[in-house]
Amino acid sequence: MDLPLTLLLICLCSQGVTSVEVEEKESIPLVPLIPLMPSHPIEKVKNESTAQPGSANTTEAPVTATTITSRPNGSSSEEEQDEVCPSAAQSLQSREAVAAAIQKLGVQLLQNLESTPEQPNVIISPFSISLALSQLALGAVNETEELLMHHLHENTLPCYHESLHNVLEQLRNNDLQIATRIFLRQGFEPKPDFVHESQRLYDSEPAVLESLQQINAWVENATNRKMTDFLSALPPNVLLMLINAVHFKGEWKSRFDPRFTSRGVFYLDDKHMVDVEVMEDAKHPLSLFTDNELEAQVASFPFQKSMNLLVVMPMSGQVNLSSLSAKLNISDLYRRLPKERAVQVKVPKFKLEYGQELQDVFTKLGLGGMFSSPNLAEIADGPLLVSSVMHKSTMEINEEGAEAAAATTVVISRASNPVFHLSQPFFFALMDDKTQVPIFMGVINNPNPGAPILQRGGLGSKDKVGFPFDKNQLGTFGGPPK
């Protein structure tokens with residue numbers, strides 16, 4: 001049975017955001033909380049593409065990774081904006097627009113990603129996914145570029161790449177670490193402008209792609225060993241991979257005392273519950289208020305630096321993202337947070353992982369053209385296709401704080417020639433081109449009626465080879481008599 005999502009967590013960067021004090025409300029006891037959606041960064045790994053992971057930290061982290069596989073169909077790249085972009089991209093309005101766009105994409109993805117018995121929780125990094133699509137957009141032109149830009153920011157930012165670059169620089173000043181890299185197949189040469197812009201805007205340096213182990217080692221290193229075996233295999237015909245990784249490890253502003261951690265319950269719905277380890281604090285400093293429109297409690301757990309874990313817990317006991325998303329404005333909730341006050345808090349400890357191929361969900365969102373016939377002429381000439389988008393994440397919360405990581409890989413492959421195997425019954429018509437008169441017409445059910453008939457399944461087994469019928473009983477056309 002699917003375990004319903006009972007909590008929505010969002011990690012926000014408080015830099016540049018001014019809190020508006022709200023009239024304090026009565027203290028409301030909290031039931032156990034469980035985080036759902038963190039937004040965290042990853043350490044930037046330079047130079048050796050095969051660098052080994054660094055030493056592990058005491059708190060294990062949530063990790064996210066995303067992979068996009070592509071194959072170009074030719075396109076002209078996005079032109080650089082005038083001198084206007086550098087200053088416009090640093091404006092508060094551009095930063096707010098980037099943040100709102102990433103928030104919207106994240107909620108849309110959560111709405112369309114279904115939990116399963118194997119993965120009852122859905123944890124994604126919309127920042128990592130947006131970064132992957134944005135770097136892919138550098139190589140897209142015409143309708144493909146327009147499609148990506150529409151979903152990335154609804155074409156509201158004329159200097160989108162410069163604006164996102166500015167946001168990246170600000171995020172790197174926090175406990176958020178971000179790594180990017182371009183892995184190229186030996187002998188493949190993308191267009192210099194694409195490589196140059198990837199380096200300039202996203203600090204994504206090229207390296208020769210050598211093996212699957214090399215990719216997995218890079219992701220493991222970039223996520224501080226929180227994500228291993230990111231890819232199970234390299235996609236066929238791969239030409240290049242655009243990878244980003246995000247890692248975050250932060251201490252709570254107010255830690256939980258491990259002595260008060262005990263066994264407790266988490267309520268899945270009105271009929272089911274599960275046993276969990278619960279961290280408890282009788283007087284935990286917390287920004288907390290009730291949003292009547294959302295019919296939910298909103299709380300903020302701050303970290304030592306400018307990051308916060310924002311929690312939205314519906315009073316109904318279940319997260320209905322379809323109805324929640326229509327009213328949810330994360331930035332507005334963030335601005336409305338009141339002053340901290342002492343609150344009795346119970347929070348479950350957890351360590352969760354999530355992985356998902358995102359091609360289907362992107363197709364639902366209207367990005368199907370990215371996989372079927374993209375125009376990626378700014379990356380290289382010739383047909384290229386986006387073959388997959390793989391996303392993985394992991395998150396851990398304990399008494400000390402939280403750790404999370406995300407990685408996104410865009411794999412760009414050469415489109416293979418179309419395949420047509422005439423290997424089963426077919427109709428034919430031999431036509432005269434000018435008059436379109438069918439000179440011959442027919443149906444071919446068995447092009448070799450005199451050959452032995454084999455059971456479908458192959459030649460690998462004695463039981464599947466030979467005459468399934470007495471040869472003398474074969475019908476006129478080689479099949480069994482009716």
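Of the residues that make up segment 189-199, is at least one outside any helix (DSSP H, G or I), open to solvent by 20 Å² or more (accessible area, probe 1.4 Å) and farther than 19 Å from residue 134 by Cβ? Yes, the conditions are met somewhere in segment 189-199.
Residue by residue, here is whether (1) in contact (Cβ under 8 Å) with a residue 40 or more places away in the chain; (2) under 17 Å from residue 289 (Cα atoms); (3) among the hydrophobic types (A, V, I, L, M, F, W, C) holds:
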residue	(1), (2), (3)
345	yes, yes, yes
360	no, no, no
373	yes, no, no
385	yes, no, yes
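Residue 372 fulfils the conditions (1) at pLDDT below 90; (2) closer than 17 Å to residue 300 by Cα except for a single criterion, (2). Note on segment 295-314: residues that are in a loop (DSSP other than H, G, I, E, B) and modelled with pLDDT of 90 or more amount to 1.
Modelled with pLDDT of 90 or more and in contact with a helix residue (DSSP H, G or I) (Cβ under 9 Å, 6 or more places away or on another chain): is that true of residue 343 in this structure? Answer is no for this residue. Residue 152 satisfies every condition listed in (1) outside any helix (DSSP H, G or I); (2) modelled with pLDDT of 90 or more except (1).
Here is the figure for segment 345-358: residues that are in contact with a Leu (Cβ under 9 Å, 6 or more places away or on another chain) and farther than 18 Å from residue 397 by Cα total 2.
The residue that is surrounded by the most Cβ atoms within 10 Å (Cβ to Cβ), counting only those in segment 398-408 that are within 22 Å of residue 219 (Cβ to Cβ) and out of contact with any helix residue (DSSP H, G or I) (no Cβ under 6 Å at 6 or more places or on another chain), is 405. With respect to (1) under 19 Å from residue 307 (Cα atoms); (2) part of a helix (DSSP H, G or I), the lone exception for residue 123 is condition (2).
Is it the case that residue 259 is within 21 Å of residue 401 (Cα to Cα), without any contact (Cβ under 8 Å) to a residue 12 or more places away in the chain and open to solvent by 50 Å² or more (accessible area, probe 1.4 Å)? Yes.
Restricting segment 359-397 to residues that are of a type in the set (Gly, Ala, Ser) and buried (at least 18 other Cβ atoms within 10 Å of the Cβ), the residue that is nearest to the chain's Cα centre (by Cα) is 393. Residues that are part of a helix (DSSP H, G or I) and within 28 Å of residue 275 (Cα to Cα) within segment 323-351 comprise just one, 324. Apart from one condition, residue 317 fits all of (1) open to solvent by less than 20 Å² (accessible area, probe 1.4 Å); (2) at pLDDT below 90; the exception is (1).
Among the residues of segment 365-386, are any part of a strand (DSSP E or B), over 30 Å from residue 284 (Cα atoms) and in contact with a Phe, Trp or Tyr (Cβ under 7 Å, 6 or more places away or on another chain)? Walk me through how you get there before you give the answer.
Quick first cut of segment 365-386, residues part of a strand (DSSP E or B) only: 384-386.
The next check asks that each one be over 30 Å from residue 284 (Cα atoms); those that pass are 384-386.
From what is left, the residues that are in contact with a Phe, Trp or Tyr (Cβ under 7 Å, 6 or more places away or on another chain) are 385-386.
Yes: segment 365-386 contains one or more residues that are part of a strand (DSSP E or B), over 30 Å from residue 284 (Cα atoms) and in contact with a Phe, Trp or Tyr (Cβ under 7 Å, 6 or more places away or on another chain).
Here 344, 356 are screened, and the one residue that is polar (S, T, N, Q), touching a strand residue (DSSP E or B) at 6+ places or on another chain (Cβ under 9 Å), open to solvent by 40 Å² or more (accessible area, probe 1.4 Å) and under 18 Å from residue 109 (Cβ atoms) is 356. When you check residue 280 against the structure, is it within 24 Å of residue 249 (Cβ to Cβ) and open to solvent by 30 Å² or more (accessible area, probe 1.4 Å), yes or no? It is true that residue 280 is within 24 Å of residue 249 (Cβ to Cβ) and open to solvent by 30 Å² or more (accessible area, probe 1.4 Å).
Set side by side, the residues 245, 233, 222 differ, and just one is open to solvent by 10 Å² or more (accessible area, probe 1.4 Å), at pLDDT 90 or above and either of a type in the set (A, V, I, L, M) or over 25 Å from residue 189 (Cβ atoms) (or both), which is 233.
From the list 281, 275, 270, the one residue that fits, being farther than 14 Å from residue 341 by Cβ and touching a residue at least 24 places away in the same chain (Cβ under 8 Å), is 270. There is at least one residue in segment 159-181 that is modelled with pLDDT of 90 or more, among the basic types (Lys, Arg) and crowded, with 21+ Cβ neighbours inside 10 Å.
The values are calculated or read from the model by the stated rules, or taken from the named source; none is laboratory data. None of the values given here were measured: they were computed from a predicted structure. Every residue, glycine among them, receives a Cβ derived from its backbone with ideal geometry; neighbour counts consider all protein chains shown. Just the protein is used for accessible areas: all its heavy atoms, side chains included, with ligands, DNA and RNA removed. Shrake-Rupley method; radii C 1.70, N 1.55, O 1.52, S 1.80 Å.
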